[in-house]
Amino acid sequence: MKRKRIYIAYTGGTIGMKKSSRGYIPADGFLTQTVVNNAEFNRDEMPLFDIHEYCPLIDSSDMSPAHWQLIADDIKSKYQDYDGFVVLHGTDTMAYTASALSFMFENLTKPIIVTGSQIPLSQLRSDGQVNLLNAMYLAANYPIAEVSLFFNNQLFRGNRATKAHADGFDAFASPNLEPLALSGINIQLLKGQLSPYVENELQVTNITPQPIGVLYLYPGISHAVVKNLVNDNIKALVLLSFGVGNAPQDPEFLEILASASKRGMVIINLTQCLKGHVNMGGYATGNALLNIGVISGYDMTLEACLTKLHYLFSQKLEIETIRHLMQDNLRGELSR
C-alpha cells in the first residue's frame, strides 16, 4: 500500500526546544534534525512526512488571531499535497488554537491534529515522541476529518479540549465529550468517525482580532469592576458564572448587563465548573440573566467560546445572527 504523506507544521513550543545553560530554548532546525535522526519516525509503518519550521518560532503564550490565520493559510496552501496535517504547538494555548482552527476550516476531508509535549523531544523521558508518533500514525491510518488535539494517548475534539494540568503528562481534558479515539495497545475509536473519501471544496474563514471581555464572577464582585469591563470598547462578554449559570440578583449588577445587551453587546453565560452545562432556567438567579438578554453557552469550553466569537464577528454578521449562531452547534463544540 502506498504510504501516506503528512505535513508537520512546527509553530513552536517545548517539543522542539534544545537544552542550554539557560534552560530549554527554541533553536532553528533542531526539531527537524531530532525527528529525522530518530529511527522510530522512519519505520515502514509510518507515513512519509515533511516538516516546516516557522520562522520565527512562536511561544504559545504569544499566540494571537494573526497566528491562527498564519497556520490556517499554511495548511490551506498545502492541502492538496498531503493526506493529513500535524500542528506542533506549545501546550499553554494549544486548546485555543485547536478551537480556532476548528471554526476556520469548513468542509474538511482530511485530519488536522494539534499536539506538542511537556518535555522536549530530544530529552530523556520526553512525552514528545509518543505524542508526535501517534498523531502522525492516526492522521495517516485513522483519518478523522476534523481539527483534533492529541495528548497522552487521547485524541480529543479540538474545540472540546482544555488544558487541565500545568506540568503533568495528562495535560489536557475534554470534560463534556468523550475522546474521539484512544491510543493503547490497539487504536480504539470512541466519538471519532473515520472520514469517507469525498470531494469537498475546502473553505477557510479569515479571523481578525476582536475586542472580547471575560468576566469571572466571585462573591461580592463590585459594580465598578463590572462597569469598567462592560464598556463600548468591547463587542462581546463571556460571563463565567456559578454552577449551572447563576449570578447575583443585585439590581445594579443586572442593570449594567441589561444596558450592555441593549447596546448590542453579545453576552454569553458559561459555567465556572469544569464539567456540566449552563441551564439558566433552572434557578431564579439564572433566569434573571436570561430575561436581560444573556445567552447560554451550554457546555462550551472558554477556549471554544472565545474563538467562536472571533470567528463570527470576523464575518461582519448581524448581532442577532451572532447571538443565534453562538447557541448553534457549528463544529461539535457544544451539546444541546
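The values are calculated or read from the model by the stated rules, or taken from the named source; none is laboratory data. Worth saying up front: this structure is predicted, and the values here are computed from it rather than measured. As a convention, Cβ positions derive from the backbone with ideal geometry for all residues, glycine included, and neighbour counts pool all protein chains shown. Keep in mind that these areas ignore ligands, DNA and RNA; they rest on the heavy atoms of the full protein, side chains included. Shrake-Rupley method; radii C 1.70, N 1.55, O 1.52, S 1.80 Å.
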Among helices (runs of 4 or more DSSP H) completely within the range 258-336, the ones holding 3 or more residues that are under 24 Å from the mean Cα position of the chain (by Cα) are 302-313, 319-326
Scanning the range 247-273 for residues that are of a type in the set (Val, Ile, Thr) and under 26 Å from residue 176 (Cβ atoms) gives 266, 267, 268, 271
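Scanning the range 1-11 for residues that are at pLDDT 95 or above and among the aliphatic types (A, V, I, L, M), which turns out surrounded by the fewest Cβ atoms within 10 Å (Cβ to Cβ)?
So the first thing to find is which residues in the range 1-11 are at pLDDT 95 or above, and the list is 4-11.
Okay, now just the ones that are also among the aliphatic types (A, V, I, L, M), so 6, 8-9.
Working: 6: 24, 8: 25, 9: 21.
Result: 9.
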| Has the range 233-251 got any residue that is in contact (Cβ under 8 Å) with a residue 60 or more places away in the chain and either farther than 25 Å from residue 147 by Cβ or open to solvent by 60 Å² or more (accessible area, probe 1.4 Å) (or both)? | yes
The range 12-65: strands (runs of 3 or more DSSP E) wholly inside it with 1 or more residues that are surrounded by 19 or more Cβ atoms within 10 Å (Cβ to Cβ) and under 25 Å from the mean Cα position of the chain (by Cα) are 48-53
Checked the range 23-37 for anything touching a residue at least 24 places away in the same chain (Cβ under 8 Å) and closer than 24 Å to residue 74 by Cβ; matches are 26, 28, 29, 30, 31, 34, 35
Counting only residues that are of a type outside the set (D, E, K, R) and under 30 Å from residue 261 (Cβ atoms), the range 177-236 contains a total of 30
Of the residues in the range 213-232, those that are open to solvent by less than 70 Å² (accessible area, probe 1.4 Å) and either in contact with a helix residue (DSSP H, G or I) (Cβ under 6 Å, 6 or more places away or on another chain) or at positive phi (or both) come to 213, 215, 223, 226, 230
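Okay, residues lined up against (1) charged (D, E, K, R); (2) at pLDDT below 95; (3) under 13 Å from residue 299 (Cα atoms):
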{"site": "229", "(1), (2), (3)": "no, yes, no"}
{"site": "232", "(1), (2), (3)": "yes, yes, no"}
{"site": "240", "(1), (2), (3)": "no, no, yes"}
{"site": "260", "(1), (2), (3)": "no, no, no"}
{"site": "270", "(1), (2), (3)": "no, no, yes"}
{"site": "280", "(1), (2), (3)": "no, yes, yes"}
When residue 181 is run through (1) within 16 Å of residue 304 (Cβ to Cβ); (2) among the small types (Gly, Ala, Ser); (3) surrounded by 19 or more Cβ atoms within 10 Å (Cβ to Cβ), the failure sits at (1)
Pairs returned, first residue in the range 266-282 that is within 16 Å of residue 322 (Cβ to Cβ), second residue that is charged (D, E, K, R), beta-carbon separation under 8 angstrom, 6 or more apart or interchain, are 266/235; 266/323
Next on the checklist: Within the range 194-212, does at least one residue satisfy the condition of being surrounded by 15 or more Cβ atoms within 10 Å (Cβ to Cβ) and free of Cβ contacts under 8 Å to residues at least 40 places away in the same chain?
Outcome noted: no
